[in-house]
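Let me begin by presenting the structure, written as structure tokens, before commenting on it.
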Amino acid sequence: MRLVEGAMSPADPAGVEAWAAGRLSVLRRATVREHPAGSALWTRLPLIDMAVHLPWLRERLLRAGGTVEERVVPDLTAVDAPVVVNCTGLGARDLVADRTVRPVRGQLVVVENPGLRTWLVSTAPDGETAYLFPQPGRLLLGGTAEDGVWSLEPDPAQAAAIVRRCAALRPEVAGARILEHRVGLRPARPAVRLERQTLPDGRAVIHNYGHGGAGVTVAWGCAEEAAALAASS
Ligand SMILES: Cc1cc2nc3c(=O)[nH]c(=O)nc-3n(C[C@H](O)[C@H](O)[C@H](O)COP(=O)(O)OP(=O)(O)OC[C@H]3O[C@@H](n4cnc5c(N)ncnc54)[C@H](O)[C@@H]3O)c2cc1C
């Protein structure tokens, strides 16, 4: 995780502060040079490179004495553990028949970084978002949010539109070499499910899924709440 400065529009300090709980630093109006929207905020936010972050989390678990076993769980009662924590995201639709969990598809374009060191986020009045996040050795361009769409195939038209929107913010991006197309499905739900239940054999199951487009942001808080539910009787 790195703390990186950047600019976001529209500039609504109250709205941003509401979700950042007063923890944002360097909060000021961005200059037009920093963000072409003319009305944007300049601040410093944590940027996570998931390709590094997930192996780091796994290593942390192993060092703490945990083990990792990868397999499909057809039924929660089949899990051999005194307490079961269900973090299956979209898989909860089948595993616990929760049809309120649905995908919100997101597509990204990964390009060679033409020299950006700061990030940029811009949300148009129609809700369409363009963002540029510098990561080590590359630049992530986004993004899309398609409710209820399951396809993991990159859409070339969407990729072109993403590059076009980002190039409108930073013209040097227009000719950047494309390294990769990425698609992910956010596991959305009307509200995150953090709940304790009892399996037929008396063991506890803690549900912790449905984090939508903010699962990384809220991961530690939800994990603490899940651990508290596991400890309660
Ligand atoms: C394009 C994009 C951009 C995003 N940007 C951000 C961001 O900026 N900030 C942020 O906080 N979040 C962001 N997110 C959202 C974030 O990635 C998710 O909220 C998060 O990954 C959810 O984590 P999870 O572990 O709950 O679910 P998942 O990551 O979906 O993991 C669920 C796991 O459970 C496994 N599983 C399911 N069913 C079973 C079963 N029956 N047996 C065994 N295993 C099973 C699946 O294989 C999967 O590995 C973004 C997502 C996308 C797609």
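Considering the range 188-222 alone, what residues qualify as being outside any strand (DSSP E or B) and open to solvent by less than 50 Å² (accessible area, probe 1.4 Å)? It would help to see each step written out before you state the result.
Kept after step one, since they are outside any strand (DSSP E or B), are these residues of the range 188-222: 189-192, 199-203, 210-222.
Those that are outside any strand (DSSP E or B) and open to solvent by less than 50 Å² (accessible area, probe 1.4 Å): 199, 203, 210, 211, 212, 214, 215, 219, 221, 222.
Screening the range 128-146 for residues that are assigned to a loop (DSSP other than H, G, I, E, B) and open to solvent by less than 50 Å² (accessible area, probe 1.4 Å) and picking the one that is nearest to residue 178 (Cα to Cα) gives 143. Of all residues assigned to the range 195-204, none qualifies as being within 16 Å of the ligand (Cβ to nearest atom) and among the β-branched types (Val, Ile, Thr). Do you know which residues across the range 68-119 are of a type outside the set (A, V, I, L, M) and more than 15 Å from the ligand (Cβ to nearest atom)? Result: 82, 112, 113, 114, 115, 117, 118.
If the condition is being hydroxyl-bearing (Ser, Thr, Tyr) and either under 21 Å from the mean Cα position of the chain (by Cα) or within 16 Å of the ligand (Cβ to nearest atom) (or both), then the range 205-233 contributes 209, 217.
Kindly establish whether residue 176 is open to solvent by less than 40 Å² (accessible area, probe 1.4 Å), in the same structural domain as residue 114 (by TED's automatic domain parsing), within 30 Å of residue 210 (Cβ to Cβ) and more than 12 Å from the ligand (Cβ to nearest atom). Give the derivation first.
Working: open to solvent by less than 40 Å² (accessible area, probe 1.4 Å): yes; in the same structural domain as residue 114 (by TED's automatic domain parsing): yes; within 30 Å of residue 210 (Cβ to Cβ): no; more than 12 Å from the ligand (Cβ to nearest atom): yes.
No.
Please go through the range 2-28 and pick out each residue that is modelled with pLDDT of 85 or more and open to solvent by 80 Å² or more (accessible area, probe 1.4 Å). Spell out the reasoning first.
Residues of the range 2-28 modelled with pLDDT of 85 or more: 2-9.
Of everything in the range 2-28, those that are modelled with pLDDT of 85 or more and open to solvent by 80 Å² or more (accessible area, probe 1.4 Å) turn out to be 2, 3.
Only one of the numbered conditions (1) at negative phi; (2) near the ligand (Cβ under 10 Å from one of its atoms) is violated by residue 124, and that is (2). Within the range 79-102, is even one residue farther than 25 Å from residue 203 by Cβ, open to solvent by less than 90 Å² (accessible area, probe 1.4 Å) and within 19 Å of the chain's Cα centre (by Cα)? Yes: one or more hits. Here the range 164-173 is the region considered, the condition is being open to solvent by 30 Å² or more (accessible area, probe 1.4 Å) and free of Cβ contacts under 8 Å to residues at least 24 places away in the same chain, and the residue that is nearest to the chain's Cα centre (by Cα) is 164.
Given the structure, is residue 161 surrounded by 15 or more Cβ atoms within 10 Å (Cβ to Cβ) and part of a loop (DSSP other than H, G, I, E, B)? Walk me through how you get there before you give the answer.
On the way: surrounded by 15 or more Cβ atoms within 10 Å (Cβ to Cβ): yes; part of a loop (DSSP other than H, G, I, E, B): no.
Judged against the criteria, residue 161 is not a match.
The values are calculated or read from the model by the stated rules, or taken from the named source; none is laboratory data. Being a predicted model, the structure only gives us computed values, none of them experimental. As a convention, Cβ positions derive from the backbone with ideal geometry for all residues, glycine included, and neighbour counts pool all protein chains shown. Heads up: the accessible areas ignore ligands, DNA and RNA and are worked out on the full protein's heavy atoms, side chains in. Shrake-Rupley method; radii C 1.70, N 1.55, O 1.52, S 1.80 Å.
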